[in-house]
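Beneath this line is the structure, given in structure tokens, with notes to follow.
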Amino acid sequence: MIWAVALALGTVIAAGTYLLLSRDLLRCLIGLVLFGNGINLLLFTSGRLTSSLPPIIDAGDTVLAATANPLPQALVLTAIVISFALMCFSLVLALQIIQLAGSDDVARLRASEPPSPDGIKPALEEPS
Amino acid sequence: MLVLLPLLVPLATALLCALAWTTPRLQRAISAGGAMLLLFCSLALLWQVMTQGVITLTAGNWPLPFGIAFTADHLGTALVLIAALMLSITLLWQESAADPAPVSPALHPLLHGLVAGSAAAFLTADLFNLYVWFEVSLICALGLLVQGGSLRQLDAALKYFVLNLVGTLLLLAAVALLHAATGQLNFTALGEVVSRLDHSIKLPLLGLLMLAFLIKAAAFPFFAWLPVSYHTLPAPVLALFSALLTKIGICALLRTIAGVFFPAPELLFTLLGWIALLSMVTGVLGAAYHWDMRRILAFHTISQIGYILLAIALSSRAGNAAAIFFALHHSMVKAGLFLVAGLIYCQAGHYDLRRIGGLYAAKPGLAVLFLMLALSLVGIPPLSGFWGKYLIISESFNQGEYLWAGVALFVGFLTLYSMAKIWLEAFWKPHPDRDWRPPTEARTAPAYAGLCMLVLVTLWVGLVPERLLLFVSDAAATLQGGVP
């Protein structure tokens, strides 16, 4: 079981990395989201794949029986919320950039780094 | 309780500022009050740490290592104090006409949120908690980057976002793997268990952790997010960014790799040394190429991060002390230089050195302030940068790392070159536009007041370094790492 999960994890992270290297802005962001979700899964499995019983102490008992490890579940929940918020932000940002720049080609997106006119000296900054 | 105040106060202020969204005057008053309170709390915390030693607070009275702990040690508290000071100066600067951030209801909540995230990252003693605060400061920084809304700023924000998010995701991966290998998240508990791990597991785990922090600290070759985004920010926000963002990575690196995980594998420190050398050299060469003052200073940040990493790579207690001294010095001096650039922009009308000049004749006071900060950055005695560089270079010589010390000295000369470039172009040569006169009615008094505060601190540290030298050696001792 652990090997199947490891393989799936590796595939998700590899697919994410591949998409992240794409020149298409939206694909790049989807890659980032996949990459993040792969790592969320990694965090989830860091508590080992054991029982699927909920970690609740029965009345009368004082210690947990063989249940799932609750800590990674709490951690991964936090990470999922954060990555979801960042994904929403990044999609809005990407849409705004595509509308303003009129292109979704990452390689042509150089607004914050203007190309130098003669290849040697940096471009003269325009008065803002 | 005092330990948590440096993050509770800015968080509460951010919330109140957000509630006062519709009334800008009330928002400004809340924001100023919150900043003052934060400054007071961090001074009180520093006083307590200096008199009583390290304070640890564990949430919910859980026993360690189960509870989430916040530890106020010397390094964290000093960085929190700098964050509070820089926030006050930023808010003061907003009242001036020297390139203030555009007025927006989101500005004050985001500024306080950024400070809260950074302060918590400086104080936390829990690896997963560190990741959460990294993300808090990341999202607030993104909010500040997109404030202007022009394509230039959005493009910068996108690049900042992607590169930094990869960094924090790698940190999360390292957290997951460390947790899987040890079952711990608390720094002290992790340190104990990791020291018993097999070398072949320890090296990749700590290597991944170091990689994540190096991306955050903008070291070679992961620094691309810094020079691409800094120059799109208005001066006061830029000063706050330069004082906080890279320091989060440096502080975490000092806490973990150079601190509780000591002795980390030797290979990591050798690698860190070479990364430091390349950061120093590429940063200073990038600065030599550019003509926009903000880009020059942004590239210098990478070079100065190199100095801090070099000191960490020496992996001795004296090296850690030197790194802390340099980080504190750099936070203030570099922020001050960005603020000078803002004032130059306000007086001469541009950030590009080829379009300005004549400021020495027009504004000799500004010239003196610039000169003090620039010479401090270069490391001329008796300013604070001299002591920082002296500590690093003498410790390199002590350990027989002559090449590292030689490169550090050589990079100092190149730093002098680009500071001289700003001096010659902005202050010495006549303004290219003959009809140019500095604006007479521009409101700059608050800006000068904030800047003078930073210059006084660097002068004070330079002239009376004993107190701070003692403080950083205490700070290095409490990190638990490094050969004594």
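With only Lys, Arg, Asp and Glu charged, each at its Cβ (+1 for the first two, -1 for the last two), find how big the charge dipole of the protein assembly as shown is about the Cα centre; round to the nearest 20 debye.
Working: 29 positive and 28 negative charges, 160 e Å.
The calculated dipole for the protein assembly as shown is roughly 760 debye.
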Open item on the list: Which one, B:L154, B:Y402, B:A288, is farthest towards the positive end of the dipole of the protein assembly as shown when Lys and Arg carry +1 and Asp and Glu -1 on their Cβ?
Closed with: B:A288
TODO: Set the Förster distance to 30 Å, then compute FRET efficiency between B:L267 and B:T56 from the Cβ-Cβ distance, nearest 0.05.
DONE: 0.40
Task: Span from the region A:1-53 Cα centroid across to the region B:157-178 one, whole angstrom - done: 13
Open item on the list: Below 15 angstrom from the Cβ of B:L16, what's the summed charge of the other residues (Lys, Arg +1; Asp, Glu -1)?
Closed with: +2
Task: Backbone N under 20 Å from the B:A97 label point (7 Å along Cα→Cβ), restricted to region B:437-468 - done: B:437-452
Open item on the list: Can you tell me the orientation of helix B:384-398 relative to chain B, as the angle in degrees between its alpha-carbon axis and the longest Cα principal axis, to the nearest 10?
Closed with: 40
Open item on the list: Using Cα springs under 10 Å in a Gaussian network model of chain A, which residue among A:I82, A:I56, A:I13 shows the largest mean-square fluctuation?
Closed with: A:I56
TODO: Specify the inter-centroid distance of region B:19-67 and region B:95-147, based on alpha-carbon positions, in whole Å.
DONE: 15
Open item on the list: Show me, for region B:85-96, the HN-Hα J-couplings you get by feeding each phi into the Karplus relation (A = 6.51, B = -1.76, C = 1.60, θ = phi - 60°), rounded to Hz, glycine and proline as x.
Closed with: 4, 5, 5, 4, 5, 4, 5, 4, 4, 4, 7, 9
Task: Residue among B:L185, B:P381, B:V368 farthest towards the positive dipole end of the protein assembly as shown, charges placed on Cβ - done: B:V368
Open item on the list: Averaged across B:282-290, how many Cβ atoms of other chains sit within 10 Å of each residue's Cβ atom?
Closed with: 1
TODO: Can you tell me the relative contact order of chain B? Whole percent, Cα pairs under 8 Å, sequence separation 6 or more.
DONE: 16
Task: For the protein assembly as shown, with +1 on Lys and Arg beta carbons and -1 on Asp and Glu, the positive-most of B:A224, B:L463, B:G143 along the dipole - done: B:L463
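Based on Cβ point charges of +1 for Lys and Arg and -1 for Asp and Glu, what charge dipole magnitude is obtained for chain B about its Cα centre, in debye rounded to the nearest 20?
740
Hey, what did chain A get for relative contact order, percent, Cα under 8 Å, at least 6 apart?
Once normalised by length, the contact order is 21 percent.
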Open item on the list: Tell me the mean residue ellipticity at 222 nm calculated for chain B from its helices only (DSSP H runs of n ≥ 4, each -39500 (n - 2.57), averaged over every residue, nearest 500).
Closed with: -24500 deg cm²/dmol
Task: Range of Cα positions in region B:393-458 per principal axis (Å), largest first - done: 56, 29, 10
Task: Charge tally in the Cβ shell below 15 Å around B:A125, where Lys, Arg are +1 and Asp, Glu are -1, B:A125 excluded - done: -2
- [ ] Rounded to the nearest 10 degrees, what's the angle between the helix B:402-422 long axis and the longest principal axis of chain B, both from Cα atoms, 0 to 90?
- [x] 20
- [ ] Please work out the Cα center distance from region B:392-426 to region B:332-377, rounded to the nearest Å.
- [x] 22
- [ ] Give the Kirkwood hydrodynamic radius (Å, one decimal) of the protein assembly as shown, defined as one over the mean of 1/r across all pairs of different Cα atoms.
- [x] 24.8
Task: Convex hull volume of region B:5-478 per residue (C-alpha atoms, cubic angstrom) - done: 129
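Antiparallel as a % of all DSSP beta bridges within chain B, to the nearest 5? Could the numbers behind the result be given before it?
Values: 7 of 8 bridges.
Antiparallel bridges make up about 90 percent of those DSSP assigns within chain B.
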Task: Among A:F35, A:F84, A:F44, residue whose mean-square fluctuation peaks in a GNM of chain A (springs only between Cα atoms under 10 Å) - done: A:F84
- [ ] Pairs of Cα atoms under 8 Å, at least six residues apart: use those to get the relative contact order of region B:359-410, whole percent.
- [x] 17
TODO: Pull up all non-local amide H partners of B:S316: gap of 5 or more, or a different chain, and H-to-H distance under 5 Å with H placed in the peptide plane.
DONE: B:V483
- [ ] Under 22 Å between C-alpha atoms is the cut-off here; go through region B:5-478 and count lysine pairs that meet it, provided they're at least eight residues apart or on different chains.
- [x] 14
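Other chains' Cβ within 10 Å of B:156-168 residues: what's the mean?
5
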TODO: Once every Cα of region B:267-417 carries one equal point scatterer and solvent is ignored, give the base-10 log of I(q)/I(0) from the Debye formula at q = 0.09, 0.14, 0.20, 0.22 Å⁻¹, two decimals.
DONE: -0.29, -0.65, -1.16, -1.36
TODO: Rounded to whole Hz and in sequence order, give me ³J(HN,Hα) for region B:431-441 from the Karplus expression 6.51 cos²θ - 1.76 cosθ + 1.60, θ = phi - 60°, writing x for Gly and Pro.
DONE: 5, x, 8, 5, 8, 5, 10, x, x, 8, 9
TODO: Sum -39500 (n - 2.57) across every DSSP H segment of at least 4 residues in chain A, then divide by the residue count to get the 222 nm mean residue ellipticity, nearest 500.
DONE: -20000 deg cm²/dmol
Open item on the list: Just to be sure I understand: with springs between alpha-carbon atoms less than 10 Å apart, which residue in A:L20, A:L64, A:L32 has the highest mean-square fluctuation in the Gaussian network model of chain A?
Closed with: A:L64
Task: Net charge of Cβ neighbours under 14 Å - reference A:G102; Lys, Arg +1; Asp, Glu -1 - done: -1
Task: Inter-chain shielding of B:142-149 (mean C-beta neighbours from other protein chains, 10 Å cut-off) - done: 2
Task: Degrees between helix B:151-182 axis and first principal axis of chain B (Cα, 0 to 90, nearest 10) - done: 10
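All of the numbers you see were taken from the coordinates with simple rules; none came from a lab. Keep in mind the model is a prediction, meaning the values are calculated, not measured. Cβ coordinates were reconstructed from backbone atoms using ideal geometry, including for glycine residues, and neighbour counts include every protein chain displayed.
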